[in-house]
Structures are given as C-alpha cells and as structure tokens.
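Input: a single structure, listed below in structure tokens.
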Amino acid sequence: MRKTQVRVHFIHAFIFTLLLMTGLCLLITPARTWFNQIHFPLVTVHFVIACMYILIVIIALRPLFRHLFKRPFVKKYNGYWTMMFAVLWIVSGLMMYFQTYLPVAVRNYSVIIHDWATFLFLPWVIVHSAGHFFDLHIPWPKWWRAKAPVPEAIRENKLQRRDFIKFFGLGFLFLLIGGSIKWLIPTLSLSTDANKRRGYFRIYNVTNDYPHYETTDWSLTIDGHVNQSETVTLADVPRFPSTMIVDDFHCVTGWSVHGVEMKGILVKDLLKELDMTTSSPYVTAYSGDKTYYDTFTTKQLLEEEAMLVFEMDGQPLKKAQGYPCRLYHPSMYGYKSVKWLNRLEFTDERERGYWQKSGGYDLNGYL
C-alpha cells in the first residue's frame, strides 16, 4: 500500500510538472510564439496532459483520503491544499477549453481563476519539492504535526502573536511571491490604469518578431479579382471617411477587454471611395509578418461592419497591437483580427487561414 501511494505521488508530481511547464509556455509570449513557429500544438498537448492529470487525481482520491485520515494535521493540510487547487484548475480549465458555450463574464473569470491558482500555488510547490529533495522540515508545532492536544488559545481561536506570524505570515509570503511572479510575467504588454479596469490585451504572435513600420513605409494593397488594383498609404488615410466604435475585444482563449474604443475605416467605405468593385465571394487578409493570414467571405467584410483599425483608445496602435493597421470584425474572435495588415486579396476560392491549418480553429470565428 505504501509503495502504491509513493508511486501515485510521483506520477502526480511528474504530470503536474508537465502541466505547469506547458501552461507557462502558453502564458509567456516568447515561448508561445516559438511553439507557434514550429507548428507545435501546444494547446492540444496542454489539454491532453490536463486530462491525464484529472485521471490521476480521480484515481488518487480514495487512497488519499484514507491516508490523510490517519495522518498528522500537517499532512492533511498538504493534501487538502493540493485538492483545493486541483479542483480550481480542473473546473476553470474546462471552462476555458469549452468557453464558446459559456457567457463572456464566466469565461473571463475562469481565465483569472486559472492564472491566479497557478501562481499562488507555485511557492507551495517550490517549498514542498525542496522539502522532498533536501529533507527539509518546517518547524511546525507538535500539535500541528501529530495528534497532540491542541493548546487552549488555539482551540478557542485566540491566536497569539507567534501563531499569527507562523501561519498567516507564511500564507502572506506565498501570496506575495505568487502574485509577484504573476505580474512579472511579460505577457500583459498594455498595463495602463484604463486597461486594468477593463481587462488586459495578451499579445500573441506567430513569429518571434513583428514588422516595425515607419510612417512612410507601410501600404495596403487591394488586389485579386477586382475591377482595379489599388494601394493605400498612411498619407492617404485622412481622405477616407472614418468610423469610431466602442466594442468588447474577445480572444478565443477566453480573455476579453471591455469597452475598447477603435477608430478606422470600414472596408465597404474604403472600396466605395476607391471605386472598387468585385464579384469574388472570398477575401484573404495578409499580415506584414509574412506568415499570418486569414480568410473571409466578401459579405463578412462588406456587410458586417468589418473595419481597418488605425487607433485604439484615442492613440495610434502600438507596434505589438498591429501598427499601423489591423483588421477588425466586431462579431468575430481576435484571431480573425489580422495585425499589420498589408494586403486584401479577393479570390474565387477560399483557403483555410493560419489557425485553421495549425490549430483547428473555426473558419468563420463568430463569437
């Protein structure tokens, strides 16, 4: 029985390590970008490992509780603490994976819970692992480590200064360390006070770098099966009618940014001003990173208020946001919002976009 428990414990630790590593790679922009470049299905791998984790947790439940029932308080604390976070991860992770079936507010909270559960648990993982590897022991009081009489002050819930420092101080330290790691991860590139009140943009790229356009070297080419090809530069933009909308930006991974003010040119207005016509049913939008692209029906861009965005929250787009221009469709997920847009090609046949080929994403990407 003892050998089985040890074996399950180490299997759990191994799977948890894989889960943690793949999760951090998804969260850290350079790591996620690198896996995107080599076309490694990191999201799928993370989900498969998560399913293995759920299985090992289910298998371990009965022997775990039987084991904890006979163990000292500190061992019960370790077990219950782990189980609490396991439940948080499993529930929030499933909500994130199947977030298309859930309300926006629910999936946003699931992302927050999943992130914070991970980073608040990290210090405990470090301490617990160090204890196993180096045979370290925290100086818990005897009544906590074994079935010894509980002091009257503790039994009456009257904590003394020493008790407060030991228990609440350790908890605060874990909170501080985990929270610091959470906010030091360079995934939230836009951290103004306004963004903090309504969400964060997480910058996802499919290349290790992105185009660094200057004001004079960007252009948008519109060609394919059209009556005439046209090229638009930044100097041309002011002569087209502009449109400003306030909308919620939603990512397929579950996070959202609410009330984003976007200013640009509706695609239908641009074509009208350029006297361009087309009978082609499809459009391919290309990114200036020379890798990313996505496809639409012509009706989706012309009849559903798709726009070329040049400003966000009253400021020109940041380079990481797609400066100077990105495509935006108000009824679709962010992966359809092609950054560094430099070409619209009208075609008679529709290709699958980058994420349809690499990640199995929906072709239309409607919310």
Assigned charges on the beta-carbon of Lys, Arg, Asp, Glu; segment 294-367 dipole about Cα centre (debye): 360
Accessible surface ranking that places the most exposed of Val91, Val106, Val267, Val226 first, with a 1.4 angstrom probe: Val91, Val106, Val226, Val267
Summed residue charge, Cβ within 14 Å of Phe240's Cβ, Lys/Arg positive, Asp/Glu negative: -2
Anisotropy class of segment 280-327 from Cα gyration tensor, a/c 1.5 cut: oblate
Accessible heavy-atom area order of Met244, Met332, highest first, probe of 1.4 Å: Met244, Met332
Rg/Rg_ref, segment 240-345, where Rg_ref = 2.2 N^0.38 Å and atoms are Cα: 1.01
Protection proxy ranking, peptides 206-214, 339-347, average beta carbon neighbours within 10 Å, highest first: 339-347, 206-214
Computed accessible area, Val57, all protein chains, 1.4 angstrom probe, square angstrom: 20
Dmax and Rg, reported as Rg then Dmax, of segment 78-133 (C-alpha, Å): 13.4, 44
Distance between modelled label sites at Asp223 and Asp275, nm, 7 Å Cα→Cβ extension: 2.1
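The values are calculated or read from the model by the stated rules, or taken from the named source; none is laboratory data. Owing to the predicted nature of the structure, the values given are computational and were not obtained by experimental measurement. Note that each Cβ is placed from the backbone with ideal geometry, even for glycine, and that neighbours are counted across all protein chains shown. Side chains are part of the model used for accessible areas, which takes the heavy atoms of the whole protein and leaves out ligands, DNA and RNA. Shrake-Rupley method; radii C 1.70, N 1.55, O 1.52, S 1.80 Å.
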